[in-house]
1. Here is a list: Glu168, Glu180. Which entry is open to solvent by 20 Å² or more (accessible area, probe 1.4 Å), part of a helix (DSSP H, G or I) and in contact with a His (Cβ under 7 Å, 6 or more places away or on another chain)?
2. Right, Asp130: open to solvent by 60 Å² or more (accessible area, probe 1.4 Å), closer than 18 Å to Ser24 by Cβ and of a type outside the set (Val, Ile, Thr) or not?
3. Restricted to the range 154-165, and to residues that are crowded, with 19+ Cβ neighbours inside 10 Å and in a helix (DSSP H, G or I), which residue is modelled with the highest pLDDT?
4. If you go through the range 173-184 one residue at a time, do you hit one that is under 26 Å from Ala80 (Cα atoms) and touching a Phe, Trp or Tyr at 6+ places or on another chain (Cβ under 7 Å)?
5. If you take the residues in the range 32-63 that are of a type in the set (Lys, Arg) and touching a His at 6+ places or on another chain (Cβ under 8 Å), which one is farthest from Arg87 (Cα to Cα)?
6. Under 8 Å by Cβ, and 6 or more places apart or on different chains, what pairs join a residue from the range 19-37 that is assigned to a loop (DSSP other than H, G, I, E, B) with one that is open to solvent by 10 Å² or more (accessible area, probe 1.4 Å) and charged (D, E, K, R)?
7. Checking Arg116 against (1) at pLDDT below 95; (2) open to solvent by 50 Å² or more (accessible area, probe 1.4 Å), only one condition comes out false. Which one?
8. Out of the residues in the range 60-81 that are in a helix (DSSP H, G or I) and surrounded by fewer than 18 Cβ atoms within 10 Å (Cβ to Cβ), which is modelled with the lowest pLDDT?
Amino acid sequence: MARQIALPLAAGPGAGPSRIVVGSANAHVVDAMTQAASWPFRTAVLAGPPRSGKSLLARWFAGNGGGEVVDDAETVEETALFHLWNRTQESGHPLLIVVNAEEGGWRIALPDLASRLGAALHLAIGAPDDAMLADLLMVHAEQRGLVLGEDAAAYLVPRIERSHLGAERIVAAIDRLSLERKQAPTMAIWRDALDEIRGESQPRLP
């Protein structure tokens, strides 16, 4: 059963989700973030697919006094990361490093940094299950001020890509079609949004 964590963030268009959906894909990450003192060398590396909530989790971790956070770590100069690792070891502060890649997809060239982060706790966000996908659909719809309807999740979850990005894309498509047609989302709009994402070359979904 998925649960949610509220974020102390401003709501509204462009503000991003105001809650983190916690479920099969990331519950182990949340649990690990509450035990940062037990991380090897007080360091963890978080990886995951696009739009899977890595940055939101990092902000929640930092906002609750978890420690230092480096987001988009693959874009940071490696020597700077190495010096930050040394400083956090001296201060005793936990260090969370967030990488925009699947687990194992970040290649570190600096040997000293690679050896130290190799010994860190490695966390990865996986694919959501049905319950989590349903909650993700509702959170994205709510953020857009969109009322999907009580049967939407039951219809959409078995038909969409099983990913955080898949949930975000289908809600965006439904919202756009609903605005274009100036009508509330109906099953016809859900179906058209699914077909649009799948592409015209694919058979129409029932």
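1. Exactly one of Glu168, Glu180 is open to solvent by 20 Å² or more (accessible area, probe 1.4 Å), part of a helix (DSSP H, G or I) and in contact with a His (Cβ under 7 Å, 6 or more places away or on another chain), namely Glu168.
2. Yes; evaluated as a whole, the condition is true for this residue.
3. Filtering first and then ranking leaves Leu156.
4. Among the residues of the range 173-184, not one is under 26 Å from Ala80 (Cα atoms) and touching a Phe, Trp or Tyr at 6+ places or on another chain (Cβ under 7 Å), which makes the answer no.
5. Checked the range 32-63; the qualifying residue farthest from Arg87 (Cα to Cα) is Arg51.
6. Gly23/Arg3; Gly23/Asp129; Gly23/Asp135; Ser24/Asp129; Ala25/Asp129
7. Tallying (1) at pLDDT below 95; (2) open to solvent by 50 Å² or more (accessible area, probe 1.4 Å), Arg116 fails exactly one: (1).
8. Looking at the filtered set, the residue picked out is Gly63.
The values are calculated or read from the model by the stated rules, or taken from the named source; none is laboratory data. Here the structure is a predicted model, which is why all the values come from computation and not from measurement. Positions of Cβ are backbone-derived with ideal geometry, glycine not excepted, and every protein chain shown enters the neighbour counts. Keep in mind that these areas ignore ligands, DNA and RNA; they rest on the heavy atoms of the full protein, side chains included. Shrake-Rupley method; radii C 1.70, N 1.55, O 1.52, S 1.80 Å.
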